[in-house]
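Here the structure is laid out as structure tokens; the discussion comes afterwards.
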Amino acid sequence: MNHLKVGLVINPLAGLGGSVALKGSDSVAEKAMALGAEPKAQQRVQSALQALTSYVEFLSFVTAPGLMGEDLLSSMGFQVDQVISLEDKDYSLIGRSSPSDTRRAVEAFTEAGIDLILFAGGDGTARDICSVVGDQIPVLGIPAGVKIHSAVYAVNPQSAGALLEQMISGELTGVRSADVRDIDEDAFRQGQVKAKLYGEMLVPEEGRFVQMMKCGGIEKEEWVLNDIAAEVVETMDDEVLYIIGSGATTKAIMDELGLENTLLGVDLVKNHQLVASDVSEVELLSHLDHETQVKLVISVIGGQGHIFGRGNQQLSPDVIRRLGKENIQIIATKTKLKSLEGRPLLIDTGDAELDSALCGWYRITTGYQDEVVYPGSDGITDVQV
């Protein structure tokens, strides 16, 4: 066994804007909480560290105060060698931390002789960390944000824990460079994706547990999207409420219907008519209360392979449970599936039990009267293509 000294920093506000359809948390955390959003970052990190509670003697931490790391580690019984001193604020209260706190904590990590920086957040948090460490120290992100384009994150919290377990066991030693990317959230909320490369960081080399960089794959396949859309629209039942997920692939369905589309949000359609646009988790649950038949149409994030947990947090565990796996329809071009190079679709709802239940094979619409079967995995369960 190897002893691992980890620098842990948590962005407590990460992901707050997802469930309330704000498509991010930068500068809107207070608004998100006013709309009923609940912080999930602590829960995500706890899920990652749960598998490591039997390795306490082989793990020690340097961390930030309060909700930025100290509180969770203490509650789980991990050894904390040092709590970084930041500003004179009560970091045990939500909303007190800032990006500058993250950067100051990481600066202290670089002087503390740590082996790995473990962090929870989204692309903004990755940017903050990259601005300090660059490629000096290996990092591993626990996905907790709304938009995660960067390739420095584990595919889900459980995968992060499994990867650390491998490092302690001496099974994993290599690292590779991975891109840190972020988008303009103001433009994002207007339906425009403007991504930019901010640098690279080193991540543990384990392709099964670390996600790939988000990439597109539809520009050369517009005719295929038209075929997929025609198939979906032709088979729509007038009595069913359809939840249309985010992305350019599902947008083709709305175009086929002649309806306005929220490119980066979730829309509702029934009897070929728009029922509601850019809905939140609460609004989805309300519609599920009043509809007897509901189906979800979602696509696959190119390169990464995620179907849940990246940019569609409105589709919460409660929403997905109410729907049932049998009412989930996945659409994707064959080119996008081939770009996964044999990796399964990834499921990261934030609920490990649900993720496990959603594992298995899915029928995926890939064209007009054309479909394939493809496996989905929580990143832990071994589902072979």
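The values are calculated or read from the model by the stated rules, or taken from the named source; none is laboratory data. Note that this is a predicted model, so its numbers are computed, not measured. Glycine gets a Cβ as well: all are built from the backbone with ideal geometry, and neighbour counts include every protein chain shown.
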Out of (1) among the aliphatic types (A, V, I, L, M); (2) more than 22 Å from Ser377 (Cβ to Cβ); (3) touching an Asp or Glu at 6+ places or on another chain (Cβ under 8 Å), what's the single condition that is false for Ile117?
(3)
Identity of the residue in the stretch 122-158, more than 18 Å from Ser98 (Cα to Cα) and out of contact with any helix residue (DSSP H, G or I) (no Cβ under 8 Å at 6 or more places or on another chain), that ends up surrounded by the most Cβ atoms within 10 Å (Cβ to Cβ):
Val155
Every residue from the stretch 343-372 that is of a type in the set (A, V, I, L, M) and out of contact with any strand residue (DSSP E or B) (no Cβ under 6 Å at 6 or more places or on another chain)
Ala352, Leu354, Ala357
So Val146 clears everything in (1) farther than 23 Å from Lys196 by Cα; (2) among the β-branched types (Val, Ile, Thr); (3) modelled with pLDDT under 90 except one condition, right? Which one?
(1)
Hey, Ile298 assigned to a strand (DSSP E or B) and either in contact with a helix residue (DSSP H, G or I) (Cβ under 8 Å, 6 or more places away or on another chain) or of a type outside the set (S, T, N, Q) (or both) or not:
yes
Looking only at the stretch 270-295, which residues are assigned to a loop (DSSP other than H, G, I, E, B) and either of a type in the set (Lys, Arg) or crowded, with 19+ Cβ neighbours inside 10 Å (or both)?
Asp278, Val279, Ser280
Right, Ala252: out of contact with any Gly (no Cβ under 6 Å at 6 or more places or on another chain), part of a helix (DSSP H, G or I), touching a residue at least 60 places away in the same chain (Cβ under 8 Å) and in the same structural domain as Thr335 (by TED's automatic domain parsing) or not?
no
Anything in the stretch 326-385 that is among the hydrophobic types (A, V, I, L, M, F, W, C), assigned to a helix (DSSP H, G or I) and without any contact (Cβ under 8 Å) to a residue 60 or more places away in the chain? List them, or say none.
Leu337, Leu354, Ala357, Leu358
Can you find, within the stretch 59-90, the residue that is nearest to Leu116 (Cα to Cα) among those that are over 28 Å from the mean Cα position of the chain (by Cα) and charged (D, E, K, R)?
Asp81
Criterion violated by Thr110 - all others in (1) surrounded by fewer than 17 Cβ atoms within 10 Å (Cβ to Cβ); (2) under 23 Å from the mean Cα position of the chain (by Cα); (3) of a type in the set (Val, Ile, Thr) satisfied:
(2)
Tally up the residues in the stretch 88-108 that are closer than 15 Å to Gly134 by Cα and in contact with an Asp or Glu (Cβ under 8 Å, 6 or more places away or on another chain), please.
3
Candidate set from the stretch 230-269 (those that are in contact with a Phe, Trp or Tyr (Cβ under 9 Å, 6 or more places away or on another chain) and over 18 Å from Glu281 (Cα atoms)); member that is surrounded by the fewest Cβ atoms within 10 Å (Cβ to Cβ)
Glu234
So Val269, is it of a type outside the set (S, T, N, Q) and within 24 Å of the chain's Cα centre (by Cα):
no
In the set Asp115, Asp101, Asp123, which member is within 13 Å of the chain's Cα centre (by Cα) and of a type outside the set (Gly, Ala, Ser)?
Asp123
Which of (1) within 19 Å of the chain's Cα centre (by Cα); (2) at pLDDT below 90; (3) β-branched (Val, Ile, Thr) is the odd one out, the single condition Ile347 does not satisfy?
(2)
Could you run through the stretch 42-82 and say how many residues are surrounded by fewer than 16 Cβ atoms within 10 Å (Cβ to Cβ) and not polar (S, T, N, Q)?
6
